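Participant: Okay, handing you the structure first.
The numbers here are math on the coordinates, done by the rules we state, and not lab data. Remember, predicted model here, so these are calculated numbers, not experimental data. For neighbour counting, all protein chains shown are included, and Cβ atoms are generated from backbone atoms with ideal geometry for every residue, glycine included.
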Amino acid sequence: SAFEKHILITGGAGFIGSHVVRLFVTKYPQYKIINLDALTYAGNLENLKDIEQSANYFFEKANILELAAIKDIFAKHSITDVIHLAAESHVDRSILSPMDFIYTNIVGTVNLLQTAKDVWKGEYEKHRFYHVSTDEVYGTLGEEGLFTETTPYSPNSPYSASKASSDHFVRAYGETYGLHYVLTNCSNNYGPNHFPEKLIPLFINNIINKKPLPVYGKGENTRDWLYVIDHARAIDTVFHNGKNHETYNIGGFNEWKNIDLIKLLCTQMDEKLGRIPGESEQLISYVTDRPGHDLRYAIDATKINKELGWSPSVTFEQGLSATIDWFLNNKAWLENVTSGDYQHYYENQYNKG
Ligand code: NAD
């Protein structure tokens, strides 16, 4: 083949995956990029319509639970590397239906590992399995301290337990069979294409529509926020320069109490929408806390910074402002997603006639 690498990116129609696919397709025309996605409620190919005609981009609709389908795709595209993002990703959904998380996040990941192990056997040093994970595997912090790469795993939700399990399987395939892998644990992402069940896009949408802003508990929970495009840049860095069998934490040293974040969001949106200062804050409404709600996540991103030279490209104020602008300029996207119409994009685009 004329391509240097044939990279399988799973979950490429999702929020983070779409930014990773776009970055790799545009920055590396010498790589063939194969986006594998089952197009669950969270997958939206509209996220990629600007690059779907690129000569190095291919889409495969498949479920990582189907081992035979994965094997076929590995063979068809002579896959040389995997960047694995496909997952069930929403904590609230994991509380309602944990089994979906166990299947996709654990069994699905092992299906990919097993296929990579069999297909690449004898030449593991030529291939790389990159597993994308979350800081939520570390559990919760008190008021002090930061998660480092050596913090013991202590997941509290079915979502984080399933991600923790998948991380352990990746490590085990490295230790037991010699598969070459890298693993990253990233803090909360925000940015364009974020599915509006998550806090920031949900609140942007509600502020636009003057609907209540439901805040869990007292809004004291603290999260460390990273602009999704900076996460994609970090994945590019670790994919190319990360050391085999290593974990890197990804974050921007950017902690926000939920309530402070919401107030900043309200201030920026009042300004952009030409509303009276303080108007949107009045939409805040406190609701019963999520069960097992982790108090605080915060990432120590020293390793990726010192060893690989990565750091975020935007401040939170800049990233949040760009995110709000994106949602205000892409109201059709937001309406398609909230109405469910986006799910017809694949049928219209790929199954013509
Ligand atoms: P997302 O829910 O937006 O996207 C997930 C994608 O995976 C969707 O396109 C979906 O269709 C696909 N998918 C789900 N189940 C599948 C299956 N069985 N087979 C094939 N495809 C399937 O999620 P996201 O927020 O973009 O997260 C991507 C990855 O990054 C996940 O592994 C998540 O754990 C991790 N992560 C997310 C965050 C965050 O803040 N969103 C932070 C750190 C790590």
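Participant: Rank the residues VAL25, VAL287, VAL107 as a footprinting-exposure proxy: fewest other Cβ atoms within 10 Å of their Cβ go first. All intermediate terms of the calculation are to be shown ahead of the outcome.
Facilitator: Values: VAL25 25, VAL287 11, VAL107 16.
Ordered from fewest to most neighbouring Cβ atoms within 10 Å, VAL25, VAL287, VAL107 come out as VAL287, VAL107, VAL25.
Participant: Between GLN343, GLN30, GLN282, which gets the highest mean-square fluctuation from a Gaussian network model of the chain, Cα cutoff 10 Å?
Facilitator: Fluctuation is largest for GLN282.
Participant: Taking the number of other C-beta atoms within 10 Å as the exposure measure, put TYR297, TYR177 in order starting with the fewest. Mind dumping the intermediate values first?
Facilitator: Values: TYR297 23, TYR177 15.
Fewest-to-most ranking of TYR297, TYR177: TYR177, TYR297.
Participant: How far is it, in nm, from the label point at ILE208 to the one at HIS344 when both lie 7 Å from their Cα along the line to the Cβ?
Facilitator: Reported label-point gap for ILE208 and HIS344 is 1.9 nm.
Participant: Oh, and also: Among bridges DSSP assigns within the chain, what percent are antiparallel (round to 5)?
Facilitator: 10 percent
Participant: Please sort by residue number the GluC sites (Glu not before Pro) in segment 94-140 whose DSSP state is loop and whose Cβ has at most 10 other Cβ atoms within 10 Å. Write down the numbers at each step before the final one.
Facilitator: On the way: sites: GLU123, GLU125, GLU136; in loops: GLU123.
Taking segment 94-140 and a limit of 10 other Cβ atoms within 10 Å, the loop GluC sites (Glu not before Pro) found are GLU123.
Participant: Between SER166, SER339, SER97, which gets the highest mean-square fluctuation from a Gaussian network model of the chain, Cα cutoff 10 Å?
Facilitator: SER339
Participant: So which trypsin sites (Lys or Arg not before Pro) in segment 283-353 are both in a DSSP loop and have at most 16 other Cβ atoms within 10 Å of their Cβ? Numbers along the way, then the final one.
Facilitator: On the way: sites: ARG296, LYS303, LYS306, LYS331, LYS352; in loops: LYS352.
Within segment 283-353, the qualifying trypsin sites (Lys or Arg not before Pro) (loop, at most 16 other Cβ atoms within 10 Å) are LYS352.
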